[in-house]
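Chemist: Shown below is the structure under consideration.
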Amino acid sequence: MVSVFSPPLHRQRHQFVIDFVKRNKPKKVVDLGCSECGLLQKLKFHREIELLVGVDINGANIKKKMHGLAPMSTDYLQPSFDQLRIELYQGSVTQEDARLRGFDLVTSIELIEHLTLADVERFSKVVFGYMIPVAVIVSTPNFEFNHLFHQPAGFRHSDHKFEWTRAEFKSWALKVCLEYGYEVEFTGVGQAPPGQQDRVGFCSQIGVFRRLEGRQDGNMLSGDDAEDLFSYTLLYSINYPSLHNNNILQRVLVSEVLYWAEKMKRNWIEEKTGERDDTLALCCAEWEGEECLRASKQHMEMEDKPTAACGAEMKNPEEHHESELFWTNGDGQQESRKLHRCVSVPLAVLWSCCPKLSDLSGSLSNLRHILMNDPEVKLSQDGSAVLLNDQEQDLDEEEEARDLEDSGYAVCSVSAETEEDWEKNV
Ligand code: SAM
């Protein structure tokens with residue numbers, strides 16, 4: 001049938017559901033008769049939804065486009081705290097499956113007219129009597145509208161078992177409400193031409209059902225009713241990346257910390273070598289203005305006590321890029337380890353320069369705790385600063401030694417191996 005509606009009728013039906021989702025913010029949504037997952041594709045962007053499920057009797061239909069429901073690269077690159085799981089099942093809406101109980105919203109868009117009337121009864125019992133969701137949206141063709149298509153007798157699709165008038169739809173819906181404890185509102189999409197709306201109604205008629213208060217919800221059933229009945233076949237499931245997942249949170253925090261620490265380090269080095277690129281200062285200024293840069297310098301200055309900070313005996317760090325640390329082990333033998341220069345960037349400075357860090361970790365001590373357990377990050381002994389290798393070591397040595405001498409900023413020496421071991425041995 002040529003679309004006479006703008007936007008096309010199927011889009012209007014989906015938009016109706018999306019508007020409902022925006023207003024009511026359901027967390028668990030299942031689309032019955034999801035076909036090629038068109039509605040689910042749109043719903044996955046509404047991240048108030050935490051569990052999104054599709055069911056269709058035709059597994060091949062589901063499989064055609066189900067991979068389009070996978071997270072996009074931006075979902076991985078910039079994960080949020082939102083959580084989303086998507087599941088797709090092959091199964092019939094005339095059969096019960098315990099995994100579909102306790103949902104906030106069930107949608108059935110242009111599905112019931114594909115069922116025999118006996119199966120519509122089973123559908124009603126499964127959806128309203130077994131799944132017992134908070135709300136149900138049912139759409140189905142309005143037979144009265146058909147004569148506007150010059151098809152007064154025929155159905156709109158060869159697989160339709162019936163097409164109801166508004167009165168027939170109303171009669172079924174009210175019976176369901178009475179039997180299962182719901183109330184219903186009637187509406188629709190696909191407006192009739194001016195002057196004909198009252199006479200023929202909407203092209204797609206819609207019933208919005210809401211569970212009455214006091215009606216037991218699908219999650220509260222116990223005993224025999226709650227038996228694990230899994231009659232559907234799981235075809236697809238995916239968890240979207242979320243910052244609630246500790247591994248993902250840690251990965252994002254670490255990359256943020258390393259990015260900002262590296263930026264500050266380079267800024268300091270460039271200033272020291274007279275090669276400062278002001279875009280770096282500006283990058284920092286983007287967050288907190290020049291205050292941030294100044295703050296970081298002050299903090300770095302405070303750290304500028306190489307031997308004191310490291311608490312170790314070193315061979316003139318001013319003269320050597322690689323120093324050697326000596327100590328006596330438990331057996332009275334001398335041991336040594338090579339020390340490399342590094343730049344120390346205080347966590348407190350990073351914290352104040354990068355608001356995202358506080359949003360993600362909640363507190364400075366949380367941040368420290370998370371970083372302590374990450375192999376990519378080297379923290380100072382007291383955990384107050386991130387230590388970065390001084391990449392300018394390839395520069396002319398004398399020039400750099402001079403820089404060091406003049407330096408008012410934080411440069412200290414730590415072991416190239418893990419600081420924990422070094423600390424223990426000292
Ligand atoms: N809801 C879809 C949408 O909005 O794009 C369109 C639905 S399509 C017109 C009807 C779907 O119902 C088909 O995909 C069909 O396989 C499915 N269907 C028919 N009988 C079913 C049953 N007993 N259980 C589950 N799905 C069924």
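The values are calculated or read from the model by the stated rules, or taken from the named source; none is laboratory data. Model, not experiment: these values are computed from the prediction. Counting neighbours? That spans all protein chains shown, and the Cβs are built from the backbone with ideal geometry, glycine included. Only protein heavy atoms, including side chains, enter the accessible area calculation; ligands, DNA and RNA are left aside. Shrake-Rupley method; radii C 1.70, N 1.55, O 1.52, S 1.80 Å.
Chemist: Restricting the search to segment 188-215, which residues are at pLDDT 95 or above and closer than 24 Å to Gly129 by Cβ?
Modeler: Within segment 188-215, Gln205, Ile206, Gly207, Val208, Phe209, Arg210, Arg211, Leu212 meet the criteria.
Chemist: Continuing with this model, one more query. Out of Gly54, Gly59, I need the residue that is in contact (Cβ under 8 Å) with a residue 40 or more places away in the chain and either open to solvent by 10 Å² or more (accessible area, probe 1.4 Å) or of a type outside the set (D, E, K, R) (or both). Which one?
Modeler: Step by step, each of Gly54, Gly59 is checked, and only Gly59 is in contact (Cβ under 8 Å) with a residue 40 or more places away in the chain and either open to solvent by 10 Å² or more (accessible area, probe 1.4 Å) or of a type outside the set (D, E, K, R) (or both).
Chemist: State whether the residues of segment 35-43 include one that is under 19 Å from the mean Cα position of the chain (by Cα) and open to solvent by 30 Å² or more (accessible area, probe 1.4 Å).
Modeler: There is at least one residue in segment 35-43 that is under 19 Å from the mean Cα position of the chain (by Cα) and open to solvent by 30 Å² or more (accessible area, probe 1.4 Å).
Chemist: Right, next: Against the conditions (1) within 17 Å of Ser237 (Cα to Cα); (2) assigned to a helix (DSSP H, G or I); (3) away from the ligand (no atom under 11 Å from the Cβ), where does Val21 fall short? Just the number, please.
Modeler: Against the list (1) within 17 Å of Ser237 (Cα to Cα); (2) assigned to a helix (DSSP H, G or I); (3) away from the ligand (no atom under 11 Å from the Cβ), Val21 comes up short only on (1).
Chemist: Check whether at least one residue in segment 251-260 is farther than 30 Å from Leu51 by Cα, at pLDDT 90 or above and open to solvent by 70 Å² or more (accessible area, probe 1.4 Å), and report yes or no.
Modeler: So far as segment 251-260 goes, yes, one or more of its residues are farther than 30 Å from Leu51 by Cα, at pLDDT 90 or above and open to solvent by 70 Å² or more (accessible area, probe 1.4 Å).
Every residue, every condition in (1) farther than 30 Å from Leu243 by Cα; (2) surrounded by fewer than 21 Cβ atoms within 10 Å (Cβ to Cβ); (3) modelled with pLDDT of 95 or more; (4) among the small types (Gly, Ala, Ser), yes or no:
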| residue | (1), (2), (3), (4) |
| --- | --- |
| His67 | no, yes, yes, no |
| Gln78 | no, yes, no, no |
| Val93 | yes, no, yes, no |
| Glu121 | yes, yes, yes, no |
| Tyr130 | yes, yes, yes, no |
| Pro133 | no, no, yes, no |
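Chemist: Filter segment 64-119 for residues that are acidic (Asp, Glu) and near the ligand (Cβ under 9 Å from one of its atoms) and give the result.
Modeler: Glu110, Glu113, Asp119 - these are the residues of segment 64-119 that are acidic (Asp, Glu) and near the ligand (Cβ under 9 Å from one of its atoms).
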